[in-house]
Amino acid sequence: MDAINSGFLELITSYKHWVQSNPQLLADLESTVRCFSYFTAGRFNNSTLASELIYSIPNLIELFNDLLISSGKYMNLKIPKLQLNIKIWLTVLEYTEALFEVSAHRIWGKSGKWLVIAIIQIFKAVMRLCLIFVYKENLVKSPSIKPLNRNKVNICDKDVKMREGFQLKRSGIVVRSIRTSRSVQTRVWAPIPSMRDENENVDNAFISKRMLKLAETFYIIKPLIHLGCLSATGKANWQPWFLSLIIDLSSLQIFNHYGKAAALNKEEWKEIYQRRLGILLYILRSPFYDNYSRLKIIAILKILSAKVPLAKLLTEPIEKYLPHWQQMYFYMWSR
């Protein structure tokens, strides 16, 4: 048994070294397989299940590779083990939830599918609320563990101020780090400038944090609100669509207004920017898609196919697979 464990550890170590040595090749392979999954929908029998499986596997492999590469990083950041595990569970679930939905629909029918959707969304909401209220995160990213930029794995891009000191969460005061202190002759005794505006006080920051927590809470429970409204009114009704849109816009407005005072970091602002872009997906969600955007999108694709040379190679597959993508990927409850 010890020999088997030792051999397995050696295999993992060798694989980790290979991943670190060939990050770009690995990223290209993962992207190729992932793109292939989008174009299997509708082409073969049972292709929806196959495409979801093809999509989930490379994402899970990518997550595994990223965890191998960044294992030392998480140890240095001293992230609580349970917090990291919650993020891993949420990321795995985000990559596989559509696969679970398709599998449940094939095994138990429509009622089984909706039951699985409800269970997944309740679990995700509880885990995300745990990150917000227990571990004091400002917002929950999607996916919770972002894919690493393989080109910058070994590049340290920390800000100079953060290397010289660290910022206290509540007050925003920057404290100089002893480990990066200079010699006595070259030492600068002036305090490190605060990362906050000088006219900003602790009370404003505290209020901003509370408002951001409220906005993120509504954003997290939005899928449950949408599903509850959907079950009460039906898929063709406009109320769930408008309710979700209002929650998204209200949440973004609060983040835009209070985000600066709460000193959101670069990654958090990037997540907010992605949520803004996500508003555009509402044109691909029912009932707006069924009543308005579907025919217009198809007309635009046909015009491009007729007018632009070689565009037909791209527009025809998109037109063919768009109904499958709309049914599988543009759910209100997916984000």
_Any hit, the stretch 131-142, residues being surrounded by 14 or more Cβ atoms within 10 Å (Cβ to Cβ), touching a helix residue (DSSP H, G or I) at 6+ places or on another chain (Cβ under 7 Å), modelled with pLDDT of 85 or more and part of a helix (DSSP H, G or I)_ = yes
_Return the pair list, or none, for Cβ contacts closer than 9 Å from residues in the stretch 114-129 that are farther than 18 Å from T91 by Cβ and in contact (Cβ under 8 Å) with a residue 40 or more places away in the chain to residues that are outside any helix (DSSP H, G or I) and of a type outside the set (G, A, S), at least 6 apart or on different chains._
I117/Y331
*Restricting the search to the stretch 274-324, which residues are open to solvent by less than 50 Å² (accessible area, probe 1.4 Å), outside any helix (DSSP H, G or I) and not hydroxyl-bearing (S, T, Y)?*
R285, P287, A311
*asked:* For Q253, only one of the following conditions fails: (1) polar (S, T, N, Q); (2) modelled with pLDDT under 60; (3) assigned to a helix (DSSP H, G or I). What is its number?
replied: (2)
*Report yes if some residue within the stretch 163-175 is assigned to a helix (DSSP H, G or I) and modelled with pLDDT of 90 or more; otherwise report no.*
no
*Please find, within the stretch 1-46, the residue that is modelled with the highest pLDDT out of those that are among the acidic types (D, E) and under 23 Å from the mean Cα position of the chain (by Cα).*
D28
*Total residues in the stretch 222-273, condition farther than 24 Å from K110 by Cα, of a type in the set (S, T, Y) and crowded, with 19+ Cβ neighbours inside 10 Å*: 2
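The values are calculated or read from the model by the stated rules, or taken from the named source; none is laboratory data. Keep in mind that what you see is a predicted model, and the values were worked out from it rather than measured. Here Cβ is always computed from backbone atoms with ideal geometry, including for glycine, and neighbour counts include all displayed protein chains. Keep in mind that these areas ignore ligands, DNA and RNA; they rest on the heavy atoms of the full protein, side chains included. Shrake-Rupley method; radii C 1.70, N 1.55, O 1.52, S 1.80 Å.
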